[in-house]
Amino acid sequence: MTMATTARPRPTGPPGYSETLPRAEESAQTARSLARAAVATWGIDRLTTVAELVMSELVTNAVVHAWGPSLRVMVDRLADDTVYLAVVDRAPRRTPELRTAGPNDVTGRGLLLVDDIAARWGHDLLGPHMRPWGKRVWAELRAAP
């Protein structure tokens, strides 16, 4: 199933794109396309493969571990050589954790890949301190000079 993209660049501030997608497996493909288009637009083509991989992992984690009908994906350019990828979901209590997958485990390696590839990554709770409504899981990628 192919989803039409409705992402638009921000009119002000740092260059960036965002889009609300269904919390469904198919959204990983749309999010990868958004990341690919953004880095191509910015002329940072050497980040294309890693941006697609990291975005796919972040979206997949939100699809598997969050709840609610949708998620929000964002791709921002923080500097000439730095791209920020983020996924917002409605599961503030399900924070990302690095874990070691066993040799026979089929899943559980996504955040290890993000940790290895990204310059930095983390998460932020969204909403009031005592009653957050969601979280943003993010990663920064830097292009080698």
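Give the residues of the range 120-145 that are surrounded by 13 or more Cβ atoms within 10 Å (Cβ to Cβ), modelled with pLDDT of 95 or more and more than 18 Å from H65 (Cβ to Cβ), sorted by residue number.
E140, L141, R142
Output the residues belonging to the range 110-133 that are part of a loop (DSSP other than H, G, I, E, B), touching a strand residue (DSSP E or B) at 6+ places or on another chain (Cβ under 9 Å) and without any contact (Cβ under 8 Å) to a residue 60 or more places away in the chain.
Residues satisfying the conditions are A119, G127, P132, W133.
For (1) surrounded by fewer than 16 Cβ atoms within 10 Å (Cβ to Cβ); (2) touching a residue at least 24 places away in the same chain (Cβ under 8 Å); (3) among the hydroxyl-bearing types (S, T, Y), each residue gets a yes or a no:
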| site | (1), (2), (3) |
| --- | --- |
| D45 | yes, no, no |
| T48 | no, no, yes |
| E52 | no, no, no |
| E57 | no, yes, no |
| N61 | no, yes, no |
| A66 | no, yes, no |
| T82 | no, yes, yes |
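What are the pairs, 6+ residues apart or on separate chains, where a residue within the range 92-107 that is among the β-branched types (V, I, T) has its Cβ under 8 Å from a residue that is at pLDDT below 75?
T100/G108; T107/A101
What single numbered condition from (1) at pLDDT 95 or above; (2) assigned to a loop (DSSP other than H, G, I, E, B); (3) polar (S, T, N, Q) fails to hold for T12?
Only one criterion in (1) at pLDDT 95 or above; (2) assigned to a loop (DSSP other than H, G, I, E, B); (3) polar (S, T, N, Q) is unmet by T12, namely (1).
The values are calculated or read from the model by the stated rules, or taken from the named source; none is laboratory data. This one's a predicted model, so the numbers in the text were calculated from it and none came from an experiment. Every residue, glycine among them, receives a Cβ derived from its backbone with ideal geometry; neighbour counts consider all protein chains shown.
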